[in-house]
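Student: One structure is given below, represented as structure tokens, and several questions about it will come after.
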Amino acid sequence: GAVVSQHPSRVICKSGTSVKIECRSLDFQATTMFWYRQFPKQSLMLMATSNEGSKATYEQGVEKDKFLINHASLTLSTLTVTSAHPEDSSFYICSARDGGFPIQVSPLHFGNGTRLTVT
Amino acid sequence: GEDVEQSLFLSVREGDSSVINCTYTDSSSTYLYWYKQEPGAGLQLLTYIFSNMDMKQDQRLTVLLNKKDKHLSLRIADTQTGDSAIYFCAESPGNTGKLIFGQGTTLQVKP
């Protein structure tokens, strides 16, 4: 089946530094990728939608200058958490939609997530 | 608005059936989804149902959809310890491709 690779799986960084998370579709072209954030024992919160070659669309309340999203190719999207703070510590998950199917019949494929800890 | 609600916890004995319920609000979702999340991992698509169907069966999984009441359920037959995980239902408002998830139901399977 379709595979989405997310890297790194875990990262610890110091407050004030930036962290980049990569999301790759390995065997399909992902015209759209989604970035989610999951708090402990809670559901996934959609942060932003990125389409290849265009600017990401952020959900209400998500700071676009803090969470930089780049979707430069059909197989790669990156999320950069800039000037990280302890409250940014969370589980971040990307998902990708296979561009080879109509949107209505194309389930999302998820990466395994990145556990970010900001000290 | 967009909202998906689930019960938070379900405990069953191995071999029993599990039923996880979900209610949603958006009637424009063409598909409704069930995902499984094991500890520390991402989400795995289990199954999905087209909104003009009322039932879909896939091996041990049965999805029931009551579109009038906006109620979705997932039944797992002969539940195994390996089924222990968090199960999320999700709707896709306006068929944009983005998903709105419920809070997740933690399924605990006792041997």
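Student: Kindly indicate whether B:T105 is within 14 Å of chain A (Cβ to nearest Cβ), in contact with a strand residue (DSSP E or B) (Cβ under 7 Å, 6 or more places away or on another chain), of a type outside the set (A, V, I, L, M, F, W, C) and under 18 Å from B:L8 (Cβ atoms).
Tutor: Numbers: within 14 Å of chain A (Cβ to nearest Cβ): yes; in contact with a strand residue (DSSP E or B) (Cβ under 7 Å, 6 or more places away or on another chain): yes; of a type outside the set (A, V, I, L, M, F, W, C): yes; under 18 Å from B:L8 (Cβ atoms): yes.
So B:T105 fits the description; yes.
Student: Separate question: Residues of the range B:59-111 being open to solvent by less than 10 Å² (accessible area, probe 1.4 Å), hydroxyl-bearing (S, T, Y) and over 10 Å from the mean Cα position of the chain (by Cα), which ones?
Tutor: Result: B:T79, B:S92.
Student: If we keep just the residues of the range B:1-18 that are part of a strand (DSSP E or B) and open to solvent by 60 Å² or more (accessible area, probe 1.4 Å), which is nearest to B:I49 (Cα to Cα)?
Tutor: This residue is B:E5.
Student: Just give me the residues in the range B:73-93 being over 17 Å from B:L45 (Cβ atoms) and among the β-branched types (V, I, T), in sequence order.
Tutor: If the condition is that a residue be over 17 Å from B:L45 (Cβ atoms) and among the β-branched types (V, I, T), then B:T79, B:T81 are the ones that fit.
Student: Now for a different question. Would you mention how many residues in the range A:4-33 are under 27 Å from A:P102 (Cβ atoms) and either in contact with a Gly (Cβ under 8 Å, 6 or more places away or on another chain) or loosely packed, with under 14 Cβ neighbours inside 10 Å (or both)?
Tutor: Selection size over the range A:4-33: 11.
Student: When you go through B:N21, B:N52 one by one, which is the residue that is open to solvent by 60 Å² or more (accessible area, probe 1.4 Å), at pLDDT 95 or above and not charged (D, E, K, R)? Spell out the reasoning first.
Tutor: Numbers: B:N52 fails: at pLDDT 95 or above.
From the options B:N21, B:N52, the qualifying one is B:N21.
Student: Go through the range B:73-110 and give me each residue that's at pLDDT below 90 and β-branched (V, I, T).
Tutor: Listed by number, the residues that qualify are B:T96, B:I100.
Student: So, one more: Within the range A:35-68, count every residue that is within 14 Å of the chain's Cα centre (by Cα), within 14 Å of chain B (Cβ to nearest Cβ) and not basic (K, R).
Tutor: Selection size over the range A:35-68: 17.
Student: Can you report the number of residues in the range B:23-35 which are part of a strand (DSSP E or B) and at the interface with chain A (Cβ under 9 Å from one of its Cβ atoms)?
Tutor: Residues in the range B:23-35 being part of a strand (DSSP E or B) and at the interface with chain A (Cβ under 9 Å from one of its Cβ atoms): 3 in total.
The values are calculated or read from the model by the stated rules, or taken from the named source; none is laboratory data. Bear in mind the structure is a predicted one, so any value in this text is a computation, not a measurement. Cβ sites come from the backbone with ideal geometry, for glycine too, and all protein chains shown count toward neighbours. Protein only, heavy atoms only, side chains kept; ligands, DNA and RNA dropped before computing areas. Shrake-Rupley method; radii C 1.70, N 1.55, O 1.52, S 1.80 Å.
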